[in-house]
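No lab work stands behind these numbers, since they all come straight from the coordinates. For clarity, every value in this text was computed on a predicted model and none was experimentally measured. Because the Cβ atoms are built from the backbone with ideal geometry, glycine has one as well, and the counts that use them run over all protein chains shown.
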Amino acid sequence: MKEITLALAKGRVAKQTLAILEEMSVKFSEFTEDTRKLVIWDDSKKVRLILVKAVDVPTYVETGAADIGIVGKDVIMEDAKDVYELLDLEISRCKIAVAGFPEEEMEKRPKIIVASKYPNIAKQYFESKGRQTDIIKLNGSIELAPLIGMSHVIVDIVETGNTLRENGLVVLEEIAESSARVIANKAGYATKTEEVQKMIKQLREGMAKMN
Ligand code: PRP
Ligand code: MG
């Protein structure tokens, strides 16, 4: 078997994915939640884990730096890359939504000002509805934008809804559902078919064991 490189987002996705693999006796003993190490081999030295920023996972996979990656559908939708999407891991479930104040009446505005970490998703969504927008790209704390009058609404992910609630905002419209997806490099899938398929099988069976 050839070695295989797996790109995971630092944080909860990494922790949950490794828990799934552990069910299948693929162990990364060197991994801890607060590790600062960026490259970690599994105990049998077959799988090389690289820990990266979520938004960069598709880039590592598209370029072939990683054979496989796990990343949210939100990231895939925002910046589509030329990779295979092979499996829905059903973790990190959330909604991508338009949110704002409960009294917001978007349809009455000639132009809606939207703040988002997902400018492409936001632009596509409003265009599909035939609505005019100005989109402001932010990198975090998106919920702040309507509170301080920077935007009318936001497009962001909603998981528990706590951030919206604590800031007096509500979901106005749902755009899509998101969850973590397994993606693979196209060339790597051809040259390491057996290894990639084995990893997919381990993830699928590990998932089933956990549920
Ligand atoms: C994410 C997202 C929402 C929040 C959703 O933000 O952008 O703000 O989590 O989760 P909830 O519905 O459970 O509150 P994150 O905490 O990653 O911070 P950031 O947006 O400032 O990067
Ligand atoms: Mg946030």
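Here are some notes:
- Applying a DSSP loop filter and a limit of 14 other Cβ atoms within 10 Å to the trypsin sites (Lys or Arg not before Pro) in the stretch 36-85 leaves R36, K37, K45, K53.
- Segments 110-117, 170-177 sorted - mean Cβ within 10 Å per residue, highest first: 110-117, 170-177
- Point-charge dipole on Cβ atoms (K/R +1, D/E -1) for the stretch 1-146, about Cα centre, debye to 20: 260 debye
- With the highest mean first, a sort of the peptides 82-89, 24-31 on other beta-carbon atoms found within 10 angstrom per residue produces 82-89, 24-31.
- Computed label-point distance, nm, for sites A65 and K123 using a 7 Å Cα→Cβ extension: 2.4 nm
- The stretch between D79 and E194 holds 38.6 nm of extra length on full extension. This uses 0.36 nm per residue minus the Cα-Cα distance.
- Q132 versus K53: modelled label distance in nm, points set 7 Å from Cα along the beta carbon direction: 3.4 nm
- Euclidean distance of C-alpha centroids, the stretch 48-79 and the stretch 118-180, integer Å: 23 Å
- Here is the size of the stretch 21-139 from its Cα atoms: Rg then Dmax, 19.1, 61 Å.
- For q = 0.24, 0.25 Å⁻¹, Debye-computed log10 I/I(0) when each Cα of the stretch 139-211 counts as one equal scatterer: -1.08, -1.15
- With both residues required to sit in the chain, DSSP beta bridges show an antiparallel share near 60%.
- Residue-count net charge about Y118 - beta-carbon cut-off 11 Å; Lys, Arg +1, Asp, Glu -1: -1
- Convex hull per residue volume in Å³, alpha carbons only, for the chain: 124 Å³
- Highest to lowest packing among 3-11, 155-163, scored as the average C-beta count within 10 Å: 3-11, 155-163
- Relative contact order for the stretch 16-93: 18 percent, from Cα pairs under 8 Å spaced at least 6 residues apart, divided by residue count.
- Label-to-label distance for L38 and E166 is 3.0 nm, based on points extended 7 Å past Cα in the beta-carbon direction.
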